[in-house]
Every structure is written in C-alpha cells, then in structure tokens.
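The values are calculated or read from the model by the stated rules, or taken from the named source; none is laboratory data. These numbers were taken from a predicted model, which means no experiment stands behind them. Neighbour counts run over all protein chains shown; Cβ positions are idealised from the backbone, glycine included.
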Number of protein chains: 2
Amino acid sequence: MIRSPRVGIAVALVVLGASATPTAQPGPLRGFVQPRAAAHTTLESRFDAALDADLLRDWMRYLASRPHHVGSPFGKDVADFVAARFTEWGYDTVIEKFEVLFPTPRLRRLELVAPTRFTASLVEPPLAEDATSTQQDEQLPSYNAYSIDGNVSGELVYVNYGVPADYEDLERHGIDVRGKIVIARYGGSWRGIKPKVAAEHGAIGCLIYSDPRDDGYSQGEVYPAGPYRADDGVQRGSVLDMPLFPGDPLTPNVGATADAERLDRSDAPTLTTIPVLPISHADARPLLEALGGPVAPPTWRGGLPITYHTGPGPAVVELELAFDWDLAPAYDVIATLEGSERPDQLVIRGNHHDAWVNGARDPISGLVALLAEARAIGELVRTGWRPKRTLIFAVWDAEEPGLLGSTEWTELHADRLRAQAVAYINTDSNGRGFLRMSGSHTLERFINEIARDVIDPQTDVSVSARLEARRRVAEVAPRFQTNGDHPIGALGSGSDYTPFLQHLGIASLNLGYSGESGGGSYHSIYDSFDHYVRFGDPTFAYGVTLAQTTGRALLRLADADILPFEFESFSETVTRYVDEIVTLTDEMRTQTERTNRLIGDGRYVLAADPTTTYVPPTVEDPVPHLNFAPLQNALTRLEASARAYGDALDPEAVAALSVADQRALDQILISTERVLTRDEGLPGRPWFTHQIYAPGFYTGYGVKTIPGVREAIEQRDWPLATTQIALAADTLTLFAAEVDRATSLLTGSR
Amino acid sequence: MIRSPRVGIAVALVVLGASATPTAQPGPLRGFVQPRAAAHTTLESRFDAALDADLLRDWMRYLASRPHHVGSPFGKDVADFVAARFTEWGYDTVIEKFEVLFPTPRLRRLELVAPTRFTASLVEPPLAEDATSTQQDEQLPSYNAYSIDGNVSGELVYVNYGVPADYEDLERHGIDVRGKIVIARYGGSWRGIKPKVAAEHGAIGCLIYSDPRDDGYSQGEVYPAGPYRADDGVQRGSVLDMPLFPGDPLTPNVGATADAERLDRSDAPTLTTIPVLPISHADARPLLEALGGPVAPPTWRGGLPITYHTGPGPAVVELELAFDWDLAPAYDVIATLEGSERPDQLVIRGNHHDAWVNGARDPISGLVALLAEARAIGELVRTGWRPKRTLIFAVWDAEEPGLLGSTEWTELHADRLRAQAVAYINTDSNGRGFLRMSGSHTLERFINEIARDVIDPQTDVSVSARLEARRRVAEVAPRFQTNGDHPIGALGSGSDYTPFLQHLGIASLNLGYSGESGGGSYHSIYDSFDHYVRFGDPTFAYGVTLAQTTGRALLRLADADILPFEFESFSETVTRYVDEIVTLTDEMRTQTERTNRLIGDGRYVLAADPTTTYVPPTVEDPVPHLNFAPLQNALTRLEASARAYGDALDPEAVAALSVADQRALDQILISTERVLTRDEGLPGRPWFTHQIYAPGFYTGYGVKTIPGVREAIEQRDWPLATTQIALAADTLTLFAAEVDRATSLLTGSR
C-alpha cells in the first residue's frame, strides 16, 4: 500500500466489511516494460515519502496572506516566491510576462429609485474571525470583470438563472425584457452566459446575485459560524465571452507580449455589451421585494423570505459602472526539468496563482499540491533520478479574469506545444472528499489505475474504492463501465486546461478532491486561510493526496517506455455521445410535433387560467431526420482500430520495440489528440478547434461533446448539423487512422 | 349545448383553433331507453335554467357569516336554515341528532425554554380587510382535535413531514426521538399521521407548523394582499386516527345516538397518544432557529430564512394542552324526495355544513352548489316531474373533526343503506378551475360522459375538453385511457364519502372544481366570504358549474331505466393496480438485494463523511417471490365478465327488458360495489371493509388500492400478503360472478 505515514488522519472509523471492498491489486504499470515497472513503483513510494502536509500549510499561509489578483503588488510577490522555490528545487525557471487587458472598478452604483429608494452597499464587511478580511485597501471590490462601462436606468425583471429557457417562460407570461434591467441568480449556467443572453433579448443591464437557497443559509451555517456565504457575501467573477475565446480580449490567437498587435477595445468581441454587476442577497432583497407582476414559477423561487415576482417593475433601478481599462502585467512561472532520454516530449503540470482576493482555496489549495509535487520530484532528482521526458511546471497568472496567463502562453508557444506536448495535467481548488477526474478519454484508463493506487486518508481504502462506494450508494441502478473504471467527465471550461485541450489539442486531465468541504467562500474576501483550515482541508491530508494522485500521473507520463494512452474507453465514450445526439434529435422531433399539435388544437390556451396573461408558444419547423450514417460508420471503424491497438499492446510486443520505435510510437500517440482538432475550429468560434470537447456556447463552463454537431442541432440549424456530422466523421476517421499507424508500428515490431 | 346563460363570465379570450378540440357529440344517455333519453336531456336543460349564481352568493354570505363548528350556536342555525330551505322546496326533511365526543381547548401553552425563551402566541389576528375575522368570541382557537391532554417538556427534533421515511433519514444521522418533542411541517401526509408516527418512534409531543414554502409567502402574496397563508396563519384540523376508523371515537360501528353504548374515553383507540398542536410559522421560527445538530437534508429545507437543523436540542420546549372533553350535538339534515317508481333505490347526495371557523370555502362553497341542485330539482318537481328513484340530500355536521355526522348516520342506517343505496355523490370545497373526479371506477365512464356535457364557464368548451387540454399540456407523453375517458382518481379519505364507500360498499363519487383559485385559507379564520369572493370563485360561476355537474349525476342516476354502471373501466383499473403491486414487489426485492450488498461491502460507511455521525442501514430480510397467480387469474375472469356485460348492454336488449327485469337488474348492479367489501374488513382495521379502496394506514387521506395486499407488502409481512392475495382474488371473482348475473339477465331477455 502506497501511503505517506505523515498524512494519515486519526479517524476513529469502523469500516464495516471494508476488507470486502474490491480494491484492484496493482498490476504491471501501463506503458512500463518489466522490470522498470517495479522500479517505478519504488520511485512513487519515495515520491510519497517526500510529501509533507506541514509545508502545504506553510505555503498556503504565505500565499493567501494578502490579496493577489493579476496586476496586484502581492501577485508579483507570489510569482517571485513560487519561482524562487522552483529554482531552489533544481528547475530551470523563468517568469514569462504578458500585458493583458484587466479592467478594475472606478465607479459602482446600484440604486432602487422606485417605488421606494434603496442604495446597494456593494461591500463585503471585514470580520474579526477572519484575519485577512480586513485588508480592504488591497481587495478588489466585488464586480464582474469585462463588463462594459455604462449608466442605465430601467424597470427590473427577475429572470431566474437567466438561461434561454427562462426567457421562454417569461414569454409565456407576455414579459419582454427589452429596455429593462434584469436580475438573475447565480447558478444554472456559467455567469458570463447571463449578460450575454440578457443582451440578446434586449436587456440594457444585468445584475447577478447569490440566492441563499443556492449559496447561503439554506445550505448551512453562514460564515463565520459555518462555511456558507453570509448575507453580504458576493461572488466576483469574469463575464468575458469565453465560449467565443478565452484569454486577453485584445490579442486573440497570439500571445499578449508587450509588442503584440492589439485590437481596439471597442472591437474586442468578448467584452459584454451591457453593464453587469454581481451583488449579495442582502443587496438583492429590496430590489426583488419591490417587483410586481406574476408570481415567479415554483422552480424560480429562492430562499429569501419573500414572494418572488418576475416584474417588470414597479421596481426601477439605476446601474452605473465605470472601469479603469488598463493593461496589467501577468506573470506566468515556468519551471522546467529536462528529460534525460526524450527531452522533446513535454509533460506539463499547471495550476494558477492569481486569486480574486486572497484565494486560499481558489487557487492556493491546488497550487500547494503542485508545489509539493515539484519539491518531491526535486528531491528524487537530487538522489540521481531524472525523468525520461521533460517535465514543465506552469503556475499561471490571470486565470480568474478568463484563463489569460495560460491562454497567452499557449498561444505564444503554440508551435512547440503542438509538436512536443504529451499531456497537460491541471488542478485548481482542492478540498476534503472524493476524487474528481475529468479530461481526455484516451487517459481514462490511465487515471483510473492511479485512483486505485492512491489511498484515501480518511478511510484507508483507495480513492477509487471510496468513489465507487459513493457512486454505488447514490445510483439507483449502477452504471459503471464494464471494465470497472469510473467514467471520467468531459472537460468544458473553467480552468487552465482549456487552451491546451480545446485550442491546441493536447490530451488533458483536471483533477481535485471535493465533496466534504462545501461552503460559500468562492470568489469572495472570505476565501481565506482562516476559512480553509476550518472548513476546507484542515490537516492538508487531501492536499497531500492530490499531490500523490497528480504526482503519479506526472511520473508515469514522464517515465513510461511508451505513453499510456488507450483508445477503447475513448471509442466507447464517443459512441455514447453520438447515441445521445441521435436520441436528442429524436426527442426534439417528437417534442416539436407534440407542441405544434397542442398549439394547433388551442390546448395551451385552454389549459391556462383565463384571468392571467398567457401567450402560447409559436409553431416551430419540424425536426427532419438527419443522416447520422457517416458518424456511425466512423464509430465502427474507430471501435475496430481501438480494439486492435489494445490487442497489439501485449508485453512481448512492447518489449520487442527498439528505443527508436518507442519514440516513434510516442509521437503517434501524442498526435492522436491533435488529430481531434480542425484548423478552422468550431462554427462561429474558430479559436476552439477540438471537435469532441468544448464549453457550451449557451452553458459556458458546461461541456458540449461533439459540439459542432450537438450545438447545430440544439440551435435547429439542420444544414449546419449535416455538414458538422460529416466533419466529425472525418475527424474520427483520421483519428482511427492514427491509431492504426500506432498498431502497425507495434505489430510490425514482432 | 347545455349552459345557463346567467353564469357565463365575459372573458375576452381567443381560443386558437378551439373548434378543432374534439368534443364528443352527446350520444344516447347511458341507461336510458329511447325516447326517454331525449326527454331527459330537455329535463337537464330545465334544471340548468333553474340555477342562479346570485342565490349561491347569498347563501354563502349567510352560512359563512359566523363560526359554525359542531356544537356551536351558529352551527345549529346553519342546520335549521338548510332544513327550512329543503322543506320549502318540497322535500321530506328531518334533522337527525347525534351526541359525539368533541374536545375543545381549555389550555394551550407552548414555550421555548432553552437556549433562549419564547412563548408562542397561538393566535390568528383579526384583519380589517376580513369582516368575520374579528368574531373572536365564537372562533375555535387553533388546535388539533383529538390530541390528548398533556404537559410535556423535552428537547426538540425537526422531523420534516414526519412520515416514516423521515425517521429513517434521522436514524442515518444517529438521531433518536425517544423522549423528545418533534416538530413536523404540514404536508407529505395527512396531518393525523404525524403524531401517530412520532409516538410510534417514542416522541412525547408533536408540533405541526405551516412552512411558507408549502403554504405561505413562497407560493404567492399572503392574505390580505393575496390569497396565501400569512405568517400568523394556522391550519386547524383533526388528528383522529381515521385510518383505523372515522366517526365518533366512543361509538365505533354504531350510530352515536343519545342512548348508544359508549367506550370509556381512556379506551378510545383513535385518540392520539401524545399531545399535538398546530402552529403558525411565525411561532415555529424561533423554535427551528434554536435547533442545533446536523443541517437538515436539502429536501427538508423550507422557506424560512434560516438554516434548517434537525436537532435534537439545544432547543427545549414545553407543551401543555388541556381540553374540555364534552359530548356535542351533531345535526345532520336529511331531505328526501321519494322516487315514483323505484322508491326503495336511494341516490344520495351529500356535503358537510360544519366548518372549523367560518368555512366559506370549506365546506360552504360545495354546500351552496348542493342547495342549488336541491332547489332546481324542487322546481322540476313543482312542474310535475318526479324522479323514478328516491333522492336523498344529506347535509352533514361534524365532518371536520373526523367525518362524524356522515359516519354516525351511515352506521345507524347501515342495514337500509346496504340494501337500498345506489350511489353516494359527495362534494366539499369548490373553486375556479378544472373538474376533479374521483370515485368508484364502475362510474368512471358515467361521470366522463357528464364531463363532456357540461360547459366550462370561462372557455366555452366542455369541462372534459378543458381537463384534456391541461393534461395534454402537462404530460410529457399522453397517457389517456384508450376509450378517451379521463381516468378518475381512487378515493382515500378526507370527506364524507368514506363511510359510504369504504364501510358500506356503496359506489361513490367525489366531485369539485379547483386549480385556479389557490390560496392558504384552509382551516383558518380567514376562510371567509371576503376571501372567497376575492380569490375563490368571485362570480360563483363554478358553483353553478358544479351544480350542473353533480345535478346531472343525480338526475341520471335517479331516472335511468337501468343504472349506468359499467365494468370495463373498473377491470382495466384494477388490472393496473395489480400490475403496480407486482412491480412494487419486484422493485422492493431488487432494492433490498442492492442495499444488503452495499451494507455487506461497507460502502455506505465509505460513502459517508467520516467527520460526521453516520449510521448505515441494517440488513433486511430478502423479498420472496409471491404467488400473484390467484389474483391474475381472477383478473382474467373479471375482464371477460366486464366485456360480456358491455356487449350484452345493447339498446335492443335493454329495450326488451320488462320493468320488473329492469328493477332486478338494478338490484344486481347496486350489489356489485357491495361485493367488493368483506365483513371482516382489512387486517387490523375491521371498520374498513372495502377490498379495493382505503385510506393508507401511513398516508392518511392518501389512497391505497387493493389495500390488504399492498400494505402487507409495504410492511414486509409476506404471509399476510399471500393470504390477502387469495382474499382479493376471491373478492374479484365474486364481483365477476355478480356481473355475470347481470349479463345473464340481459341476454336472457332477448
């Protein structure tokens, strides 16, 4: 059992029958030729032994000791501190600086002017129980980055989560938001979707508040008594149109170096078109209470002790926002440990360092795990080991405003990364609980093997077994994959893997622990060391566990004889995505027929209360039958190719490969994820080149798989859907051909 | 089209394509031989013409003008007023008096004594906007009738709705209510279940409050601004153990006449065993806020602006209740119109007259429809018409405390009713909206035909078409019966049909309109005329529509040549119930296997947060395969018998019947519902003799169909389930034989 004795938590826990829990015995390591596998297992034990929870705590205490958003004085100190550690641990370390557009508030005013008057405080008060909450001079005020300047006044409309379906509900009530200011609650989508959809419907301003049902007292004790968001708490955050492209709004596709060519701000397409401001529910309540109009539908009602209405009016609000639109320096820390045998193959590990305020959890809880890994690997190097491939630790600045540090760096180094990057492993916030795994499905089996080798610090079973227990208890009917792996999630957006995976086509993983350290400090001044050590991961046991998990991924990727990619999980997963899309289309067709018939028969009107305003939906064009055959044929080919590679990958074939052939095979394996991209990108958003994974255009962080096809269907653009089906089929066929090349290399070596 | 011109509401409503809505053309009336059917349709038009919304309004204004609970001075006035009207309209009218146990509060005290102090007000304040709310001298205070006296003190535990599943959740958190006082919110079951289940788990007291999420500001504007329950509003109500038997607790099975033999109160099994009190959320909030312990699960959280905890403690409460345990007089008004040809066949129509306070909606909105029907029928009689069968209008006292007026009357007259009663038609509260139809499925097709003949006053389509529109809009996949009828609900309990249907086996229907006049006046002092004419049915159009609906049922049942029972709908419905029970058993088996495996593997513990208390469930005995074959064979027989009767019932066969044969056939038809009862009753509750419909022992009002079998399975009593399957099969076989007798009579006549 691989476990650091320093990180066990003494939990008096009787696990009834835990010995009966199937924990896979470690087999030979994927990609390692014997006897190197055994030696590698020893290496991982030594890596674990070099992890020290006390160091994680010390680093967090320092790194979260002052606000450190991009451009802040302490942000530079953080970068310098991190760089100094890497240097100390033996890495070639540079700080790469970019100049990025980063607006900060100059003026924020929100007033209710009718039927009563109220001025929003827009302030998160300092607390005696939270030492760093008093650092008001250095804190960014609560705001949404990349809101445009504006001074608007209008009737207020409550739009629930502010997603497209909510506006359809409003239409049924005859409510139009044109010329109005909308107030949406956080949740239901990524926040940047809310002002975008509001503006598309004609709204002139947008407020976003944290409803206590979703994020506050309804969930548990509020801070400082408990971990949840208090009445005055505000969630800051970016509203950049990231589904179009992330990164510096002025330098799409190129690194935002000092001399880069820049768009005029007025031409920057990812800024909002209406002013938007996040507020607390203490500030939202008087506004919501002043609304008239219909009572909001049951699912729209939050946790405030009021009757929720939609408006419009009689509440009238004024919203005035002005920002300093300066460029800020963003400091990415890049630390390299050159590979001994295949230095041109790069395994990259990243976590951001900038925070909205002090950011103990987001991002420091993930960053301290990264530092622990880097330090432990540094110790291994000191004893004479060196990775076969090059390891790069990247600590990003300016993630919070929109993945700027990582995006600009990948754009600047795109050619080298496309040629050399093996994989990118990302972390961000971490806490107590269960392993979250998302990423490229070519790495699904790989990361599942690691999850079976890492021990959960609270229960002494593997983190995989614990995850399995939770899933089996939660699921009505178990839906495990037949091979016993946990299905990993597909990546949408929300952290720094996006430019690697979705722009450059580099296989990526995003990892973290969560589920037992809930709370509401996200993007507030209370995301502090004091909060984290009470409610996050008090002993830093899960910080160490994350380092064990991510460290294994790095060490195995860096040292394997051949890279541990695998294609059957990918094939099964993509088949499931296609099935989903076919089912979606069929359901849309049935639903459209049904709705049109109900409209034609006048039944919507008959079902409505005649004493209230009701506008029935309008007839929609029928959903045609689409030709999915190209995609289904491509899947058949893919399945055969994936199985053939798996069959070819027997120990003898691998052992028989020359080192040159191993390298050649690696290059093919690296290229597989790259083949899933297309240079022209997705329809309407060329920056996103990956054809399997993308953030949803109307969900934001939420992933859309096979996005070209799926979104065309969702948007009812049937000609585009047909084109995209052909393109997706083409992409998967190219992918299968690449897998076949790998198989040929293996079988040819026999 | 049958419609009273006086009751149309001028609604400027464009029903798009409403003409396309399929509204069945009226065919020949079920049970009527031509040309009597045509004449009857004319009679129904004359009936409609005699309905007058203004009279309904006037009656409600008077009948709700003062509090009129059982035993109150105005309660007697109400009975006298109603009796006088019946007499005036030509009915033989008597007031039958019973002496029933009816406790009223002498002392109510609820105090929070730790960690802070708070004394509950227990008062609904009068409102200037509600004229009768000021009649405090005559109002019953807020209480739960048939709570025992008690003075208890203990730690408080929040138990959500207080149903058995909630106590299982508490067990998972290691929380035991023994020696504690529980606080449950209204909802999730009938209120009387809450103290019963609490006491079974060892609690010593029970509070029930109205949470604003279920019944208050979360739903809409509160009274007097809107119709919903305000912060101080309290729901009174009975907590008699009605699933054991309803009616006077001291005289089970016999009428509570002055000289009836009575149980000692200490032996009365339907009183609660612990004190119980209903409170407002204004009174509940300080108690709930004072609770510690685990945060309540997400589905337990209501609409108060607090973090809901389960306790136990630190809140400690004292609850002291004392009642006057007097007998009260209950006055049932019984008005008879003797039948001209078949006076010994009784068609009974009922609605209660007692209220918790003023009761404009509950029960007067239904009672004024009943009065309108009686008056209109009186007018028909004045013009020379007389029903073929005897019509009885019954206006019950003491429904609110537990169906006392109707239960004692049916117990007293049981022999006559068993021999002669054709059907019982009940109404209670009424409002604006859609027709609710529940009852015996032998009358499903009959009442559906009426729903197609009655016009909705707001939309000018039939109430059936409007119901169909709502159902089709609401349902994802339409699930109409193949014959186009709306499936009618099975009856549990909650109004005066229970003794007729479930004790005596008399075919019953419960009818009313609702769905567009929501609100929270139920069982409060604000259930007033002022409230009803603002938020209920302001023009009394739906009062008239209810009279049209129920009046048609009476006229057709009273005048048909042969009674309009039908058995195919019943057969299909019972087949569905058996399918449900088989599926339930299979799902319980799968679930038990799964849960036991998860327990054995220790997965529940692994899935739980080790820093919180978690107690895994215990292993349960596996669910055996039960022999459902007797029931399934009985269903096959039933289906054939039902179809044969339908086939035999052609117009020629009916026309060929002699009047003597018609009467003989009627008697068989009347007996069919009777055959569904068994003298020994249901297991553990012999008063409930019906084998197909009963209120659930652990749901209260909620129905359990084929209750002997279903509840034995739910309680995991497999030997009992097997016995009950055989009994249910036997019952259905006897029923089929009775239907066959009817068929023989018809086919023999040809």
TODO: Scan segment A:309-320 and give yes if some residue there is within 12 Å of chain B (Cβ to nearest Cβ) and on the phi < 0 side of the Ramachandran plot, otherwise no.
DONE: yes
TODO: Report whether or not A:Arg556 is more than 20 Å from A:Asp453 (Cβ to Cβ) and of a type in the set (Lys, Arg).
DONE: no
Open item on the list: List the helices (runs of 4 or more DSSP H) inside segment B:571-670, counting only whole elements, that have at least 1 residues being within 14 Å of chain A (Cβ to nearest Cβ).
Closed with: B:603-607
- [ ] Looking only at segment A:115-128, decide whether some residue is in a loop (DSSP other than H, G, I, E, B) and farther than 30 Å from A:Ala184 by Cβ.
- [x] yes
Task: Qualifying positions in segment B:40-97 - in a strand (DSSP E or B) and among the basic types (Lys, Arg) - done: B:Lys97
Task: Residues of segment A:223-256 that turn out to be β-branched (Val, Ile, Thr) and touching a Lys or Arg at 6+ places or on another chain (Cβ under 8 Å), as a count - done: 2
- [ ] Of the conditions (1) touching a Lys or Arg at 6+ places or on another chain (Cβ under 6 Å); (2) in a loop (DSSP other than H, G, I, E, B), B:Gln136 clears all except one; give me its number.
- [x] (1)
TODO: Could you check, for segment A:347-364, whether at least one of its residues is within 14 Å of another protein chain (Cβ to nearest Cβ) and among the charged types (D, E, K, R)?
DONE: no
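Residue by residue, here is whether (1) within 22 Å of B:Thr104 (Cβ to Cβ); (2) surrounded by fewer than 22 Cβ atoms within 10 Å (Cβ to Cβ); (3) away from every other protein chain (no Cβ under 12 Å) holds:
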{"site": "B:Tyr217", "(1), (2), (3)": "no, no, no"}
{"site": "B:Ala230", "(1), (2), (3)": "no, no, no"}
{"site": "B:Gly233", "(1), (2), (3)": "yes, no, yes"}
{"site": "B:Met242", "(1), (2), (3)": "yes, no, yes"}
{"site": "B:Ala260", "(1), (2), (3)": "yes, yes, yes"}
{"site": "B:Trp300", "(1), (2), (3)": "no, yes, no"}
{"site": "B:Ala322", "(1), (2), (3)": "yes, yes, yes"}
{"site": "B:Trp325", "(1), (2), (3)": "yes, yes, yes"}
Open item on the list: Give all pairs with beta carbons closer than 9 Å in which a residue from segment A:436-462 that is within 14 Å of chain B (Cβ to nearest Cβ) meets a residue that is of a type in the set (Lys, Arg) and outside any loop (DSSP other than H, G, I, E, B); count only pairs at least 6 apart in sequence or on separate chains.
Closed with: A:Asp456/A:Arg466; A:Gln458/A:Arg466; A:Thr459/A:Arg466; A:Ser462/A:Arg452
- [ ] Read through the list (1) over 25 Å from A:Ala335 (Cα atoms); (2) modelled with pLDDT of 95 or more, then give the number of the only condition that A:Gly518 fails.
- [x] (2)
- [ ] Could you look through segment B:533-551, keep only residues that are under 16 Å from B:Ala372 (Cβ atoms) and not in a helix (DSSP H, G or I), and pick out the one that is nearest to the chain's Cα centre (by Cα)?
- [x] B:Asp537
- [ ] Working carefully through the options A:Ala198, A:Ala225, find the one that is farther than 20 Å from A:Val123 by Cα and either more than 14 Å from every other protein chain (Cβ to nearest Cβ) or among the hydrophobic types (A, V, I, L, M, F, W, C) (or both).
- [x] A:Ala198
TODO: Kindly provide the set of residues from segment B:199-231 that are among the charged types (D, E, K, R) and more than 26 Å from the chain's Cα centre (by Cα), ordered by number.
DONE: B:Glu221, B:Asp231
Open item on the list: Residues that are surrounded by 22 or more Cβ atoms within 10 Å (Cβ to Cβ): list the helices (runs of 4 or more DSSP H) wholly contained in segment B:397-500 that include at least 3 such residues.
Closed with: B:404-412, B:444-453, B:463-474
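Here is a yes/no grid of residues against (1) within 18 Å of B:Glu44 (Cβ to Cβ); (2) modelled with pLDDT of 95 or more; (3) under 19 Å from the mean Cα position of the chain (by Cα); (4) outside the structural domain of B:His486 (by TED's automatic domain parsing):
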{"site": "B:Tyr522", "(1), (2), (3), (4)": "no, yes, yes, no"}
{"site": "B:His531", "(1), (2), (3), (4)": "no, yes, no, no"}
{"site": "B:Arg576", "(1), (2), (3), (4)": "no, yes, no, yes"}
{"site": "B:Asp579", "(1), (2), (3), (4)": "no, yes, no, yes"}
Open item on the list: Please verify whether A:Glu155 is more than 30 Å from the chain's Cα centre (by Cα), among the charged types (D, E, K, R) and in a strand (DSSP E or B), treating the condition exactly as stated.
Closed with: yes
- [ ] For A:Leu746, work out the one condition from (1) within 22 Å of A:Val197 (Cα to Cα); (2) surrounded by 20 or more Cβ atoms within 10 Å (Cβ to Cβ); (3) modelled with pLDDT under 95 it doesn't fulfil.
- [x] (1)
Open item on the list: Can you say whether B:Lys196 is surrounded by 18 or more Cβ atoms within 10 Å (Cβ to Cβ), in contact with an Asp or Glu (Cβ under 9 Å, 6 or more places away or on another chain), closer than 30 Å to B:Asp609 by Cα and not hydrophobic (A, V, I, L, M, F, W, C), as far as the supplied structure shows?
Closed with: no
TODO: Answer yes or no as to whether B:Gly8 is more than 28 Å from B:Ala328 (Cβ to Cβ), within 14 Å of another protein chain (Cβ to nearest Cβ), at pLDDT below 90 and in contact with a helix residue (DSSP H, G or I) (Cβ under 6 Å, 6 or more places away or on another chain).
DONE: no
Task: Hits in segment A:195-239 - residues which are outside any strand (DSSP E or B), aliphatic (A, V, I, L, M) and touching a strand residue (DSSP E or B) at 6+ places or on another chain (Cβ under 7 Å) - done: A:Ala198, A:Ala203, A:Ile204, A:Ala230, A:Val234, A:Val239
Task: Sole exception among (1) within 30 Å of A:Thr132 (Cα to Cα); (2) surrounded by fewer than 24 Cβ atoms within 10 Å (Cβ to Cβ) for A:Phe393, by number - done: (2)
Open item on the list: Looking at segment B:501-534 only, could you name the residues that are within 14 Å of chain A (Cβ to nearest Cβ) and either more than 26 Å from B:Ser133 (Cα to Cα) or crowded, with 24+ Cβ neighbours inside 10 Å (or both)?
Closed with: B:Tyr513, B:Gly519, B:Gly520
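Let's see how each residue does on (1) on the phi > 0 side of the Ramachandran plot; (2) buried (at least 22 other Cβ atoms within 10 Å of the Cβ):
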| residue | (1), (2) |
| --- | --- |
| B:Val113 | no, no |
| B:Asp130 | no, no |
| B:Ser142 | no, yes |
| B:Tyr158 | no, yes |
| B:Gly162 | yes, yes |
